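Before any comments, here is the structure.
The values are calculated or read from the model by the stated rules, or taken from the named source; none is laboratory data. Bear in mind the structure is a predicted one, so any value in this text is a computation, not a measurement. We place every Cβ from the backbone using ideal geometry, glycine too, and count neighbours over all the protein chains shown. SASA here: full protein model, heavy atoms, side chains in, ligands and nucleic acids out. Shrake-Rupley method; radii C 1.70, N 1.55, O 1.52, S 1.80 Å.
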Amino acid sequence: MADKAYSGKRIVLGVSGSIAAYKAADIASALTQGGAIVQVVMTDSATQFITPVTMRALTGRTPLVGVFDETTEGEVTHVSVAENADLLLVAPATANIIAKMAHGLADDMLSTLYLAAKCPVVIAPAMNTNMWTNAAVVTNVDRLKTLGHRFVDPAEGYLACGTIGQGKLATVDEILSVVESVFEGDKVTDLAGLRFLITAGPTREPIDPVRYLSNYSTGLMGFSIAEAAKERGAHVSLVTGPSEVAIPHVDDLVRVETAEEMLEAIRARFRQTDVVIMAAAVSDFRAPKSEQKLKKSAGRSRTLELHETTDILAEIGKNKDRQVLVGFALESEDLIENARQKLQAKNLDMVVANSVDEENRPFGEGPSRVRFLLENGSELPLPLMSKPEIANHLLSYIKENLLTQE
Ligand code: CTP
């Protein structure tokens, strides 16, 4: 699960009686999967479109419908739920619930709970176009906006009443991104004040003007780490080899081609850096570059003379002072033994050991299974995880185990 800004937040999802109420099931499910604690509150008419049983199955909590209903935790009705809520999301919101909220009516659980809530409110309306543009509804919406409530406006489309126009509930993704933005300010910034130098992608070692030696690295692992470190408040320098994947926004981006260029970019930044994470798949070999394109010669075979590139990590490992050095070890056999050997040989503080076999494909978007090895002998095997998940675990592990003495 990628870290959502609403992870761990208590969200009250108010569902009112629109034909779009069935979409509230997707919203409840996505929020729950993203780590939110979701309490559904339904109006009577909402229960005509979707059952409380469905919502309970998706959230693990009994929805509140009647004003005197109790929650699964035995909390006493509207006041305690409202007080504990981090967000009230009303989706879909009918013209009726919008009117009640705008005028302070409290004749059902949702409107009553709204009056008792002090948390931010997000409203995603769904209704017929004529209702949405009706002056009374427009006035009510404006009134709620002046109270600071956020609206996720309905989209244009085919409506249940058979017409085409604005009124369709916004997509689940749009609604979730507004929910995320409410909590953006609460994000963890545990890496603030630290300078990270992260490498990503393959390097390319030219053979002649049109050919090169490289590998299958996509850059995704390094990009996920750079993105997560930036989100957690670090100053991030990202040195990347050629990649087709979208590069995250960082403080300092350097694009390189060869191992030599990557080494230079790292040398220039090493002294000011607190943590170096070498996720790049640096090419181990290069060939002397021919100025002219190598030509075929009547079926005769040709030998390419390969020289080892500089081992960047080993090089900076010799000169480290306070820097934390983290390397990756990609192995097809004897994972732990080989990874530990790299840890020592390159003077690293930590290695992320990654095996490449039938089950585990470290390149590309798929999940992988890695193991953290520390210089002091400790070890942490992780379950199968996506790259953003591995990135966040890695940063937390570094923070807790290697940066504590700062
Ligand atoms: N690395 C490096 N410079 C190189 C080659 C690798 O800095 N010229 C770094 C990688 O970025 C990675 C670590 O060293 O963090 C281990 O890389 P890996 O390819 O697993 O191992 P190698 O040291 O190249 O050894 P081998 O290929 O023989 O397994």
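Observations on the structure shown:
- Heavy-atom accessible surface of the chain: percent carbon and sulfur, 1.4 Å: 49 percent
- Compactness ratio for region 74-156: Cα radius of gyration over 2.2 N^0.38 Å (N = residue count) comes to 1.09.
- The gain in end-to-end length when the THR189 to ARG267 segment is fully stretched comes to 25.4 nm, 0.36 nm per residue minus the alpha carbon separation.
- Within the straight-line cut-off of under 29 Å between alpha carbons, the lysines reachable from LYS4 are LYS23, LYS118, LYS145, LYS168, LYS187, LYS230, LYS387, LYS399, sequence neighbours fewer than 8 places apart in one chain being disregarded.
- In the context of the full set of protein chains, the chain has a per residue accessible area of 49 Å² (1.4 Å probe).
- Listed residues ALA298, ALA353, ALA20, most fluctuating in the chain (Gaussian network, C-alpha, under 10 Å): ALA298
- Backbone HN-Hα couplings from phi across region 227-244 [Karplus 6.51/-1.76/1.60, Hz, Gly and Pro as x]: 5, 5, 5, 5, 4, 8, x, 6, 8, 10, 9, 10, 10, 10, x, x, 8, 8
- Note on ASP334 and ARG10: with the Förster distance fixed at 45 Å, the Cβ-Cβ geometry gives a FRET efficiency of about 0.40.
- Of the chymotrypsin sites (Phe, Trp or Tyr not before Pro) found in region 144-233, those that fall in a DSSP loop while having at most 12 other beta-carbon atoms within 10 Å are TYR216.
- Residues considered: SER297, SER214, SER45. Largest GNM mean-square fluctuation over the chain, using C-alpha springs under 10 Å, is found at SER297.
- Candidates PRO154, PRO288, PRO248, ranked by Gaussian network fluctuation over the chain, Cα under 10 Å, top entry: PRO288
- Per residue, the average separation of C-alpha pairs within less than 8 Å and at least 6 apart gives the chain a relative contact order of 11 percent.
- Listed residues ALA25, ALA265, GLN166: farthest to the positive end of the dipole of the chain (Cβ charges): ALA265
- Assigned charges on the beta-carbon of Lys, Arg, Asp, Glu; the chain dipole about Cα centre (debye): 840 debye
- Surface calculation, 1.4 Å probe, protein heavy atoms: ARG150 sits at approximately 100 Å² accessible.
- Label-to-label distance, LYS293 versus SER386, with points set 7 angstrom from Cα along the beta-carbon direction: 4.3 nm.
- Sparse-neighbour loop sites [trypsin sites (Lys or Arg not before Pro); region 35-138; at most 10 other C-beta within 10 Å; DSSP]: LYS118
- 0 to 90° range, to nearest 10: angle between helix 23-33 axis and the chain longest Cα axis: 40 degrees
- Part-to-part distance (alpha-carbon centres) for region 144-172 and region 1-49, which is given in Å: 17 Å
- Each residue, THR139 and SER378, gets one label point 7 Å from its Cα in the Cβ direction; the gap between the two is 6.4 nm.
- Ellipticity at 222 nm from helices only: DSSP H runs of n ≥ 4 in the chain, each -39500 (n - 2.57), divided by the residue count, give -9500 deg cm²/dmol.
- Rounded to 5, percent antiparallel among DSSP beta bridges of the chain: 30 percent
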